[in-house]
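First up is the structure itself, then whatever we jot down about it.
The values are calculated or read from the model by the stated rules, or taken from the named source; none is laboratory data. These numbers were taken from a predicted model, which means no experiment stands behind them. Don't worry about glycine lacking a Cβ; one is built from the backbone with ideal geometry, like all the others, and counts go over all protein chains shown. With ligands, DNA and RNA removed, areas are computed over all heavy atoms of the protein, side chains included. Shrake-Rupley method; radii C 1.70, N 1.55, O 1.52, S 1.80 Å.
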Amino acid sequence: MNNGLNAQSDPTVQPVPASVVEAVDAADTTLSNPKWAVVALGANLGNRLDTLQGAIDALGDTPGLRVKAVSPVYETEPWGVEPGSQPSYLNAVIALKTTLPPSSLLERAHAIEEAFDRVREERWGPRTIDVDIVTYADVVSDDPVLTLPHPRAHLRSFVLAPWHDIAPEAQLPGRGPVAELLATIGLAGVTARTDLELRLPE
């Protein structure tokens, strides 16, 4: 089976320099002109780790999408509510490549939330899973349906810390380097859970 590794044997394909071949992950050969996106995950109800992994696997099963990096797990005090009023969150960030437009990626994120019985009854309410698009390429948009980048990402250490772990040089469009943003707000209320691990989809 031709899985892309021997694509140069196809006479319709022009040879490319070896350095370029080595720089391209073979798994991406099925994607035409993919865009990088960053997605934040959070869960504070049920089996939080299994739910996060399930969301990652569901994203990985999405046509036109490849999960490329999965961050370490962080435990976080709930955002925007009284301390102790909700269970703590497990949070992670993934980087992916996709040919889906932002609107379709958002639809997929919402479908995954619904599959895990996400309930949207109150703002900042507890949830089985939260799937938030943080960035999509360098797109900057104030569309109320999908604001890019995420309008509060620069204020959330539970997004910035795991993102920095998988992409230390990352930039948040319109805000600057993730490392600098994280240094500004610090890690109060966020704890690395080195005893827990998420994996790339199989």
Q: Considering only residues that are part of a helix (DSSP H, G or I) and polar (S, T, N, Q), look in the stretch 46-74 and name the one that is nearest to F116 (Cα to Cα).
A: T51
**Q.** Residue in the stretch 173-183 that is in a helix (DSSP H, G or I), touching a Phe, Trp or Tyr at 6+ places or on another chain (Cβ under 9 Å) and not hydroxyl-bearing (S, T, Y) present
**A.** yes
Q) Which one of the conditions (1) open to solvent by less than 10 Å² (accessible area, probe 1.4 Å); (2) modelled with pLDDT under 95; (3) of a type in the set (V, I, T) does T30 fail to meet, given that it meets all the rest? A) (1)
Q: Scan the stretch 74-91 residue by residue and report those that are open to solvent by 70 Å² or more (accessible area, probe 1.4 Å) and either modelled with pLDDT of 85 or more or within 13 Å of A192 (Cβ to Cβ) (or both).
A: E77
Q. Does any residue of the stretch 102-124 turn out to be open to solvent by less than 30 Å² (accessible area, probe 1.4 Å) and part of a loop (DSSP other than H, G, I, E, B)?
A. no
Q: Only residues that are of a type in the set (F, W, Y) and either touching a helix residue (DSSP H, G or I) at 6+ places or on another chain (Cβ under 9 Å) or modelled with pLDDT under 95 (or both): list them for the stretch 146-191, please.
A: W163
Q) For the subset of the stretch 137-151 comprising residues that are in contact (Cβ under 8 Å) with a residue 40 or more places away in the chain and over 18 Å from P34 (Cα atoms), which member is surrounded by the fewest Cβ atoms within 10 Å (Cβ to Cβ)? A) V145
